[in-house]
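This report refers to the structure that appears directly beneath it.
The values are calculated or read from the model by the stated rules, or taken from the named source; none is laboratory data. Everything numeric here is computed off the predicted structure, so don't read it as measured data. All Cβ positions, glycine included, derive from the backbone under ideal geometry; neighbour counts span all protein chains shown. Ligands, DNA and RNA are excluded from the accessible area calculation, which covers all protein heavy atoms including side chains. Shrake-Rupley method; radii C 1.70, N 1.55, O 1.52, S 1.80 Å.
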Amino acid sequence: MDDIQDYWLNDVQVGVINEFEHQNASLTAGIIGNYFGQDGKIVGAVSDALKNDTPKFVVANHGWNHEHFDTFSRDEQSALIHNTNQKISDTLGLVPNIFIAPYNAINNDTIISLLDNNMVYLSTNETQDRPPYALSDAAFFRFPAAAEIGDLNTQGTVWVDLNHDQTYAAVLRSIVKYGFAVVLLHPQDYANKRPGLAYDNTINQTQIHELDLLIDKIRNDGYNIVTMDDIPKNAVYDTKYPQWLDHIFALYFKEKISDSEMINSVEYLKSKKIIESSITGGKYPLHRNITTTYFWIGEPADADNQYIDNTASAWDDKWVRHYGGVDDPTNRDQYLPSDFVPKENPFYFALPYNDFNDDGTRKADAYNAVYWSGEKKTWDDSESMLKNRWIEITKGDKTVYAQWEDSGPFVYDDSNYVFGGAPPKNTINHNAGLDVSPAVKDYLNLLHGKNVVSWRFVDFGDVPDGPWKDTITTSQVYRTNH
């Protein structure tokens, strides 16, 4: 969202920020430095949004006076960026690392000035900043806006609103081509309009409804709405599609074909699996470079696990009995304990979130946090939303699949990491964010020390055959006090 500033359409700005919060949708807000800090309504709304863990809200540098940066010298550009960062720091107590270029006007000096000011993310448009765009392993990322909610007409006399289908067509094209889509919106997109370029400081409910429809469409197609700094953790990697689809994209970009024709072309290729499944793999974000430890059913309490034994799990008070014994990591028969055949899947893991409180009631944020909570209107207290779900874990050229059977390591409420783009908040064992069973450890050849993997959730229908499917856990919550 561009053009966050004092006094101008401040009721509309606050209303849009509140709507994103209502929809539990993340938002990146570009602040004009010299026009920010005096309006209590705007500063208060931004400050309140920053305090919330979910949805995530971040602020970006949007210039000092909303100027054309390419008309200034390198030193002048650096000073403008610095001044806005300082103003945001003085007002909000944080320094942004995202720059949204006013008028999309940049040059090589802009890039150097951004690096001099420790900026990490740049957003312009595809015309000013041409692909390719790195999605990982970069110190500086460029994520241009490829979709918008509204824009000036060609004469520059009227602000034109786009409906959600028009915006979504551009979103889909960008995701297929680049692995991400930045959607640009302005306060005037959601203001009631008067003739010319005049606006009332009142919310246009029709456009707010269009925003809701767009958010629903994006989510229903399996994509995540994230802040710009979380794109590298959520982008769709290695998308492959037929070269002739670029011709369709070019025609769409030149407005030679309609939004529906473009959407239908992509949806048809997806339905026929001509576009590879990696694009639909974006349904769940990929968590990269996650430190991983291992544990086992029946593990005794000691210093390595902070004196927390694993005879019971987060959801099963008789975990050892139901599994069939202690899953000894030292005495193995391939991927199984050598002393018995497990009654449940030996390929299991723990992530640092539990959908239940200690007293057995459902966590208040579970319905909003858990991706698949909408599979049921209500969940009975005897059924966990999480137990037995699957993830894909990759280290190097090896990939394994496992079921969720416990909560940890050490943290049990980290929804921003497990169901978002935040890093693990656990600080023990090199900020470990995943605990895996001996079978998973052996399959991936994890060694003692700091093991780093990538993982993502997968639906059962996408789990391929393998030793992880020899025995599948189906048991649900078991509590001895119930």
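Here are the numbers for the structure shown:
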| read-out | value |
| --- | --- |
| For the chain, calculated [θ]222 nm from helices alone, where every DSSP H run of n ≥ 4 adds -39500 (n - 2.57) | -8000 deg cm²/dmol |
| Cα gyration tensor, the stretch 1-121 - rounded (a/c under 1.5), prolate or oblate | prolate |
| Degrees, to the nearest 10: 74-92 long Cα axis against longest axis of the chain | 60 |
| The stretch 336-353 - phi-based ³J(HN,Hα) in whole Hz, Karplus 6.51/-1.76/1.60, Gly and Pro as x | 10, x, 6, 8, 6, 9, x, 7, 10, 5, x, 8, 9, 7, 10, 10, x, 8 |
| Hz values of 3J(HN,Hα) by residue in the stretch 371-377 - Karplus curve (6.51, -1.76, 1.60), Gly and Pro given as x | 3, 9, 4, x, 5, 9, 5 |
| Per-peptide average of other Cβ atoms within 10 Å, ordering 340-351, 125-136, 61-72 highest first | 340-351, 61-72, 125-136 |
| In degrees, nearest ten, helix 259-271 long axis to first principal axis of the chain (Cα) | 20 |
| Computed over the stretch 310-414: relative contact order in percent, which uses C-alpha pairs under 8 Å that are six or more apart | 31 |
| Efficiency of FRET between Thr330 and Gln155 - r from beta-carbon atoms, R0 60 angstrom, step 0.05 | 0.20 |
| Sulfur and carbon atoms: percent of accessible area, the chain [1.4 Å] | 47 |
| In sequence order, calculated HN-Hα J values of the stretch 25-36 (Karplus, 6.51, -1.76, 1.60; Hz; x Gly/Pro) | 10, 5, 8, 9, 10, x, 9, 8, x, 6, 10, 9 |
| Projected label distance in nm at His430 and Asp413, using a 7 Å step from Cα toward the beta-carbon | 2.9 |
| Rounded accessible area per residue of the stretch 330-482, 1.4 Å, Å² | 47 |
| Share of pairwise Cα separations in the chain, more than 30 Å, in percent | 52 |
| Efficiency of FRET from Cβ geometry, Asp339 and Glu255, R₀ 51 Å, rounded to 0.05 | 0.15 |
| For the stretch 415-474 versus the stretch 11-39, the gap between their alpha-carbon centres in whole angstrom | 36 |
| Two-site label geometry, Val452 and His22: point separation in nm, points 7 Å out along Cα→Cβ | 4.3 |
| Pairs beyond 31 Å (Cα-Cα), from Lys56/Lys395; Lys87/Lys254; Lys217/Lys387; Lys87/Lys395; Lys87/Lys363; Lys240/Lys398 | Lys87/Lys254; Lys87/Lys395; Lys87/Lys363 |
| Computed lengthening from Gln205 to Leu50, 0.36 nm per intervening residue step minus Cα-Cα distance | 53.3 nm |
| Spatial separation of Cα centroids for the stretch 148-169 and the stretch 78-98, in angstrom | 30 |
| Positive-end residue, the chain charge dipole about Cα centroid, Cβ charges, pick of Asn104, Phe340, Leu114 | Phe340 |
| For the stretch 334-375 versus the stretch 198-240, the gap between their alpha-carbon centres in whole angstrom | 30 |
| Degrees between helix 10-22 axis and first principal axis of the chain (Cα, 0 to 90, nearest 10) | 20 |
| Globularity index of the stretch 53-212, i.e. its alpha-carbon radius of gyration over 2.2 N^0.38 Å | 1.11 |
| Burial order of peptide ranges 358-368, 151-161 (average beta-carbon count within 10 Å, highest first) | 358-368, 151-161 |
| Separation of the Asp459 and Gln38 label points, Cα + 7 Å toward Cβ, nm | 5.3 |
| Cβ crowding within 10 Å averaged over residues, with 214-220, 226-232, 14-20 ranked highest first | 226-232, 14-20, 214-220 |
| Computed lengthening from Val95 to Arg479, 0.36 nm per intervening residue step minus Cα-Cα distance | 133.5 nm |
| Contour excess over end-to-end distance, with Cα ends at Asp358 and Asn163 and 0.36 nm allotted per residue | 65.7 nm |
